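Undergrad: Here you go, one structure.
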Amino acid sequence: MKIKKEETEFQTIQLYNENAYQVEFQATVLDCIEQKEEYHIILDRTAFFPEGGGQYGDRGQLNEVEVFDTQIINGIILHYTKHPIEVGTTVQGVIDWKRRYSMMQNHSSEHMVSGLIHKKYGYDNVGFHLGEEEMTLDFNGMLTMEQLLLLEREVNEVIWRNMPVEITFPTKEELETMSYRSKKEIEGSIRIVTIEGIDVCACCAPHVRRTGEIGCVKIISVQKNKSGVRVTVLAGDRALSDYEKKHEGMMQICKLLSIKPEQAFSVIKHLQEEKQRVEYELLEYKLSTLKQQAEQVIPHNGILCMETKALSGKEIREVCNCLMERGTLGIVLNRQEEGQMEFQYIIGSKQRDVREIASLLKEKLNGRGGGKPQMIQGTAVGTKEEVLALISRIKECWNE
C-alpha cells in the first residue's frame, strides 16, 4: 500500500518508545483502508511495534478484532486486520505480550552478541532476522563454533550481572561525539540502545530493561554465508523451550538404551560403528549372492541381461561388471516394485561404444540418462523383451 507524501505530516504516536512494557492502551481510529481481503487500521497512537530492524511486527487485538501484523510507512503505523473498524471509534488495544516479550529478550541478546563480536573481532552485523522461532545474525567475517561458544559464555555472564539496558535519544551534537553501531544511515531522531561496556547501537525495537530478564542465550549453529558466517541464536523463553525439547529427547534415548546421559555419546558412537560394520558385511554377502546369480545368466548372441528388484546403484553396477566379463553386452534392468514398468538400467561393454543405446532408449522407451562409451545408465519405461529387441537391432548393425 502506498501512502501519499502529503498524508505523512501526521505520524502515529509510538507508545512503545516511551514504555516497551505497555500491554494495553486506548486510541482513536483515524482511518480504515480496505486492501483486497484485509484492512489497514490507522490509529492516533499505538503500543504495537511495526516490523522493522529485522524484527516482525506485533500482533494482538483492537476491540476484539485480531491484529495479525503491524507495518510502518512514512511514520504512519498500519494495523493489519481481517475486519474493518469504523473511523472515529475509540479502541482498546492489547498486544500479544508473550510473543512481544520473547522478541524483546531475543533482540536485546542480539545486541550483546553483535556488540561483543564487534569488540573482539571487528566484524559487523550485516544481516539480522528475528522470526517466530529463531534468530539469525550475519557477520562479515569468519567465526568457528568454538569461538562462538566462548563468546556465548561471556554473553551469559553479562546477563547474570543484570546490567541495565538504556534507551536514549541523543541530540545531533551528542551523536557526533558518540561511537555506536548502525547497519544503515539514519535520518532524523536516532534511538540509541546502550549496554555499558558491551554495546552501543542505533535501534528502533523494544528491549528489556535489564539483561537479567533474558535468562540465557544459546548459540545453536554457525554456517558459512557469503564472505562471513550466519549464526543462529536462541534466547530467553526460546532457549528454555529448546533445552526442554532436547532434554526430553535425551531422556527418551537414555531410557531406550538403559544408559546414563553422560554415556549417550560413547554408546551411540559404538552403535553407529556396529551398524556400519553389519551393513558392510550384509552388502558383501548380497553382492556375492548377486554375482552368483549373474554367473547363471545364459548369454544370447553375446548379450547377458538380468532383471533385478530394488537394488542400490552400487549393486547394479557390480552386477553389470560381472555380466560384461562374459559377453559383448551386460544389461541390468532394475525395478523398484514387481510389475512396475519404469526401470533403472545400466548397460556396459568392454568391446563396443554403448552410448547409441541410450539414444535409442530415449527415442523408443521414454529413456533418460547417458554415460561413457563403455557404460551408460538411466531410466526408461518398458519390458525386458522391448529392451532386448531394441538392442538386438543395434547389435545387427555392429555385425554388418
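Undergrad: Based on Cβ point charges of +1 for Lys and Arg and -1 for Asp and Glu, what charge dipole magnitude is obtained for region 181-297 about its Cα centre, in debye rounded to the nearest 20? Provide the component values of the computation, followed by the final result.
TA: On the way: 20 positive and 16 negative charges, 75 e Å.
Rounded to the nearest 20 debye, it is 360 debye.
Undergrad: Calculate the dipole size of region 1-91 relative to its Cα centre from +1 charges on Lys and Arg beta carbons and -1 charges on Asp and Glu beta carbons; express the result in debye to the nearest 20. Don't skip to the answer; put the middle values down first.
TA: Numbers: 7 positive and 16 negative charges, 42 e Å.
Roughly 200 debye for region 1-91.
Undergrad: Set the Förster distance to 56 Å, then compute FRET efficiency between GLN71 and TYR285 from the Cβ-Cβ distance, nearest 0.05. Spell out each step's value before the answer.
TA: Details: r = 63 Å, r/R0 = 1.13.
Efficiency computed from Cβ-Cβ geometry: 0.30.
Undergrad: How many percent of the accessible area of region 83-174 is carbon or sulfur, using a 1.4 Å probe?
TA: Working: 2360 of 4520 Å².
Reported share for carbon and sulfur atoms: 52 percent.
Undergrad: Report the antiparallel proportion of the DSSP beta bridges in region 290-349 as a percent, rounded to a multiple of 5. Before the final figure, lay out the partial values.
TA: Values: 6 of 13 bridges.
Rounded to the nearest five, the antiparallel share is 45 percent.
Undergrad: Take every DSSP beta bridge with both residues inside the chain and express the antiparallel ones as a percent of the total, to the nearest 5.
TA: Details: 72 of 83 bridges.
The antiparallel fraction comes to roughly 85 percent.
Undergrad: Report the one residue of GLN26, HIS40, SER109 whose Cα lies farthest in the direction of the positive end of the charge dipole of region 23-131 (charges on C-beta: Lys and Arg +1, Asp and Glu -1; origin at the Cα centre).
TA: SER109
Undergrad: Considering amide H positions built from the backbone, and no H for Pro or chain starts, which residues 5 or more places from ARG181, or on another chain, come under 5 Å of its amide H?
TA: It is VAL200, CYS201, ALA202, by chain and number.
Undergrad: Quick one: dipole size for region 132-233, taken about the Cα centre, charges +1 on Lys/Arg Cβ and -1 on Asp/Glu Cβ, in debye to the nearest 20.
TA: On the way: 13 positive and 17 negative charges, 40 e Å.
For this selection, approximately 200 debye.
Undergrad: How much accessible surface does GLU37 have with a 1.4 Å probe, in Å² rounded to 10?
TA: Taking all protein chains as shown, GLU37 has close to 150 Å².
Undergrad: Using a ≥ b ≥ c from the Cα gyration tensor of region 351-400 (square roots of the eigenvalues), is it rounded, prolate or oblate, where a/c under 1.5 gives rounded and otherwise the larger of a/b and b/c decides, a/b for prolate? If you can, show how the numbers build up before the last one.
TA: Details: a/c = 2.15, a/b = 1.15, b/c = 1.87.
Cα axes put region 351-400 in the oblate bin.
Undergrad: To continue, here is another question. If you roll a 1.4 Å probe over region 204-259 with all protein chains in place, what percent of the accessible area is carbon or sulfur? Present the calculation step by step, with values, prior to reporting the outcome.
TA: Working: 1800 of 3200 Å².
The C+S portion of the solvent-accessible surface of region 204-259 is 56 percent.
Undergrad: Could you run the Karplus curve 6.51 cos²θ - 1.76 cosθ + 1.60 with θ = phi - 60° over region 220-232 and give me ³J(HN,Hα) per residue in whole Hz, x for Gly and Pro?
TA: For region 220-232, the Karplus-derived couplings read 8, 7, 9, 9, 5, 9, 6, 9, x, 9, 10, 10, 9 Hz, x marking Gly and Pro.
Undergrad: While we're looking at this one, here's another question. Taking a probe of 1.4 Å, how large is the accessible area per residue of the chain, in Å²?
TA: Computed with neighbouring chains in place, this is 56 Å² per residue.
Undergrad: Select from the chain the helices, each a whole stretch of DSSP H, whose alpha-carbon atoms run 24 Å or more along the helix axis and whose Kyte-Doolittle mean is at least -1.0; answer none if there are none.
TA: Values: long enough: 97-121 (35 Å, -1.19); 237-257 (30 Å, -0.73); 264-295 (46 Å, -0.78).
Long hydrophobic helices here: 237-257, 264-295.
Undergrad: Further, regarding this structure: Report the trypsin sites (Lys or Arg not before Pro) located in region 7-75 that are in a DSSP loop and have at most 15 other Cβ atoms inside 10 Å of their Cβ, or state none. Numbers along the way, then the final one.
TA: Working: sites: LYS36, ARG45, ARG59; in loops: LYS36, ARG59.
Qualifying residues, ordered by number: LYS36.
Undergrad: While we're looking at this one, here's another question. Does region 6-64 come out rounded, prolate or oblate, given a ≥ b ≥ c as the square roots of the eigenvalues of its C-alpha gyration tensor, rounded meaning a/c under 1.5 and, failing that, prolate meaning a/b above b/c?
TA: Working: a/c = 1.35, a/b = 1.29, b/c = 1.05.
Rounded is the answer for region 6-64, as its axis ratio a/c remains below 1.5.
Undergrad: Give me the one-decimal nm value for the distance between modelled label points at LYS172 and GLN272, 7 Å along each residue's Cα-to-Cβ direction.
TA: 6.0 nm
Undergrad: Suppose the Debye formula is applied to equal point scatterers at every Cα of region 212-317; what is log10 I(q)/I(0) at q = 0.09, 0.16 Å⁻¹?
TA: So the normalised log intensities are -0.57, -0.92.
Undergrad: Looking at GLN374, ILE316, VAL208, which one has the Cα that reaches farthest to the positive end of the dipole of the chain (charges on Cβ: Lys, Arg +1; Asp, Glu -1)?
TA: Positive-end residue among those listed: GLN374.
Undergrad: Run the numbers for GLU385 and GLU37: contour at 0.36 nm per residue of separation, minus the present Cα-Cα distance, in nm.
TA: Details: separation 348, 0.36 × 348 = 125.28 nm, distance 5.91 nm.
119.4 nm is the gain from fully extending GLU385 to GLU37.
The values are calculated or read from the model by the stated rules, or taken from the named source; none is laboratory data. Fair warning: this is a prediction, and the values are worked out from it, not measured in the lab. In this analysis, Cβ positions are derived from the backbone assuming ideal geometry, glycine residues included, and neighbour counts consider all displayed protein chains. SASA here: full protein model, heavy atoms, side chains in, ligands and nucleic acids out. Shrake-Rupley method; radii C 1.70, N 1.55, O 1.52, S 1.80 Å.
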